1. Return the ratio Rg/(2.2 N^0.38 Å) for region 457-539, where Rg is computed over Cα atoms only.
2. Between 0 and 90 degrees, rounded to the nearest ten: what's the tilt of helix 191-200 against the longest Cα principal axis of the chain?
3. Within the chain, what is the number of lysine pairs with alpha carbons under 22 Å apart, leaving out pairs fewer than eight places apart on the same chain?
4. Which whole-Hz couplings ³J(HN,Hα) result when phi for each residue of region 169-175 is put into the Karplus expression 6.51 cos²θ - 1.76 cosθ + 1.60, θ = phi - 60°, listed in order with x for Gly and Pro?
5. Per residue of region 311-328, in order, report the coupling 6.51 cos²θ - 1.76 cosθ + 1.60 (Karplus, θ = phi - 60°) as ³J(HN,Hα) in whole Hz, putting x for Gly and Pro.
6. How compact and how long is region 60-108, expressed as Rg and Dmax of its alpha-carbon atoms in Å?
7. Taking GluC sites (Glu not before Pro) as exposed when DSSP calls them loop (any state but H, G, I, E, B) and at most 13 other Cβ atoms lie within 10 Å, what is the longest stretch of the chain free of them, the sites themselves excluded?
8. Restricting to Cα pairs below 8 Å that are 6+ residues apart, what does the relative contact order work out to for region 74-217? Please round to a whole percent.
Amino acid sequence: MWRDPVIWLVVIVAFLFRLIYNVALHPDGHPPSSFVIDEREYFSAAHMLVEGRGFSFFDTALWVRPPVYVLMLAAVMKVAGISTLPTLLVQSILSAFTLLPIGWLAFQAAGRRAARWATALATLYLPLTLFAGLLLSETLFVFLFAWALVALTRARSALDTGWGRTAWLWLLLSGGLLGFGVLTRATALAFVPLAALWLTVGTGKETIARRIGAAAVVVAVCVVCLVPWIARNYAAYHSFVLVDNTSGYNLWLASVGVRDEARLQNELLTVQNPADRQAYAYARAWEVISADPGAFAAKGVKESLDLWRPLFGAEERQIKGYALGRVPAWHLASLFVLDDLLYVVILLAALLGLIVSPPHPLKSLTGLWVALWVLMSFVFFAVTRFRLPVVVALIPWAGAGITALRAPSLLLEPFKRLGVVSRVASGLAVASIVLLVVPPISVQDTLLGVQRWSQQAPYRAAELLLKQNKVDAAIAEYQKANTEISDTRYGLAAALLQSGQPDAALAQLQADEPTERVEPYIIRGEAAREAGNLASARSFFNSRTMQVSAVEALDWAWDHLRPPPVAQIELGSGLDMGYVRGFYGPEKDDSGRSFRWSSDNAAIRGVQSPTGSSIIWSGWRPAGLEAATPVLEWSVDGNLEEDTVTGIKLENSLAWTTTAVPPGGSEQGYLAISTSSFISGGIDPRLLGVRISTVGASK
C-alpha cells in the first residue's frame, strides 16, 4: 500500500485541494476578525508562547487547555510570523498525510481498492479541508489519532509472535501517539484504557499474559508523555490539573441544558485557581443532575443523537451571513455535496464495510472509539466538530463498503452468515441513518444562500466602487442588488451620504433595525455629523453596540464613510469614526483621557497639515515584557514598503509621549502604523500594539 502511486497522487491532490480551497474562501488570509469557535484562544496562547511568556495565557484564561496544538502553532508563528497562511500550509500537509493511515487501515480491512476509495473519500470530505484552514486542534488531533490506530493494529499483530523488536517499537509508538493525542485533545484520555483493554484480548494463557504486559507498556508511555504538563500545571497553580480543566465546565453546562453559557463563565471567573474552578464546576453540575436525573438522561439521549445530525449553521462551516448573500455559492454547494451528502454516503458505506468485510481486530477498536464519542456526547453535549474523529475512524470501512459494491453477487454471502440479532441491528442502523441524518440536511437554506449570492453580485461590485471613491457608479450598482437585504440598504445609505443626500440615506433605514448591527448607528451618526450636530453624532457613535463590536464598526466606517479632513482626531471620542481602522473599542485612562489600543497594523487618515502636527501615544507592555519596547513603522501614504519611517521606539510606560508626525504625513493626511504586538493574557486575548490618544495639531 505504501508504494501505491495512486494513493500518493491522491495525497498530493488532497494537499492542493485543502490549500487552494481555504485560500479561495479567505482571500484576506483569515484575519483574527474572522476567527470562529476557539481560534482566538489558541492564537493568543501561541502568541504569548512566542513572546517568551510560556503558557501564561492560561493563568488568566477561563480554563487550561492541552499544550501540543499551542506548541505547534507557536512554532509556526516563530518561524513565519502571525499570518495564518503558514499555518494553513502546515495543516494542509498534516491533513494530506492523514490519508496514509486511513488508506492503510482500509487496506487491512479489504485490500488495495478499499485503500484507494478511503483516501479518495478523505480527500473530498470537506470538513477535513475546512479544519486545515482553521486555528483549531482537530487537524493535528485526527492526524495523531489515525496514526495511533495504525500503531495499535501493528502492535497487536506483532505480539502474536512474541516480544520482538517490532512489537516493542509499535507499542512505544502507540503509547507516544496516544499521549500526544491526549495533550492535543483531552477527550482521548478516556480512549487510553479502552485501547489497553483491546490489546489484552487474545487466545491462550501465554498470549493473554503477553498482551497484558503490552497494554501496560502503552499506558506507561502515555503517562510519561503527560507528566511534564502535569508538573507544569502543579508548579503554576499548586494544584493537580491532569490535562485541562474544561470537563467540569462542560458537565455543568450540559446539566443545565447547554444554556446560560455567559452566566456560568462569569461565575467560574470568580474562582481563581484552575483546579478549584474545576472542582466548583463539578459540584454545581452534580447539584443540578441529582436534583433531576431524568432530565439529564433525556438530555443525554438527545445529545447522543445530535452527534450524528448535520447542522447547517455550525460555526466551522463558515456560512455566517449566507442569507445576506455573503457566502460564495460554490462554498454552499460544496458543503451540501462534499459535507452533508458525502457524510451520508460514508455512514452507509462504512456500515456495509463493517458487515461484509472479513473479521478483523480493527472492527472492535473502531467500535470502542465510536462508542466512546457517543458516551461523551451523552454525558456532556454534541458539537458538530466532535463528529470529525468519528468519521475519520469510519472512512476506512467506507472504502471497504464501496469496494464490496463492485461484486454485488458476493454481498449476499456475508449477510447469510449474520444471525437474526445482527440482521435486525443492521436494519435498524440503516433506518437510523436515513431517518436521523438525512432530514436535518437543509436544501432550503443552501438554495437560499446560493440565490442571495447571485442577487448580491451588483452589491459586491458597488462595494468595490465605493472604496475607489466612484460614488455615483456605486449607487447605481447598489440599486441593482436586492434592496430588501440589509447589507444593500446600508451600503446604499453610505453612498448617498457621500453624495450629499442625507435624507435619502436615512430613508434606507427602517424603524426596527436590528440593535446588534453597527451600520444603522454609523449611518445615523454620520448624518448627524454632516448636519453639524456633533452631540447627536457622538451619541450614535458611542452606543453600546458600537463599543461591543468596535473592530467591525471601525472597519465598516473606514470602507463606507469619507468624513472631511480635520485638524485633530481624538481617538476614542466617537468622532474618530471613519478616520481610523485597526483599533479596538474606546477606553479612558485614570485621568479621563480617551484612547484606543491599536492592533499590530492600524491606519489613521483625514488629518490636516498645520504646523506642529503630532501623535500622542504610549507603549506600555505587561509583566513579562518589561524589557520590550515597541518598535513602530509608519508610512505617510499607506505603503509600508516604499515610504516608511522605522526605528521609532517608545518607552515601556503608561505615560503619554508626544511625537512629531514625520514629514509628508501631514501633507498626505494618512498614517499607516505597524508595531510589535503582544497579548495581555487570557482575560484579554486581543492582539495589542500601542495606545493612541490624539493625532493632529498640538493644542
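1. Scaled against compact globular proteins, the figure is 1.05.
2. Around 20 degrees separate the two axes.
3. Taking the chain as the scope, the lysine pair count is 4.
4. 4, 6, 5, 4, 5, 4, x
5. For region 311-328, the Karplus curve yields 10, 4, x, 4, 4, 5, 6, 6, 10, 4, x, 4, 6, 9, x, 8, 9, x Hz.
6. Here Rg and the maximum Cα pair distance are 14.8, 47 Å.
7. The longest such stretch corresponds to 1-483.
8. 18
The values are calculated or read from the model by the stated rules, or taken from the named source; none is laboratory data. Small disclaimer: the values here were computed from a predicted structure and weren't measured. Here the Cβ is made from the backbone with ideal geometry for all residues, glycine too, and neighbour counts use every protein chain on show. Accessible surface is based on the protein model in full, side chains and every heavy atom, while ligands, DNA and RNA are left aside. Shrake-Rupley method; radii C 1.70, N 1.55, O 1.52, S 1.80 Å.
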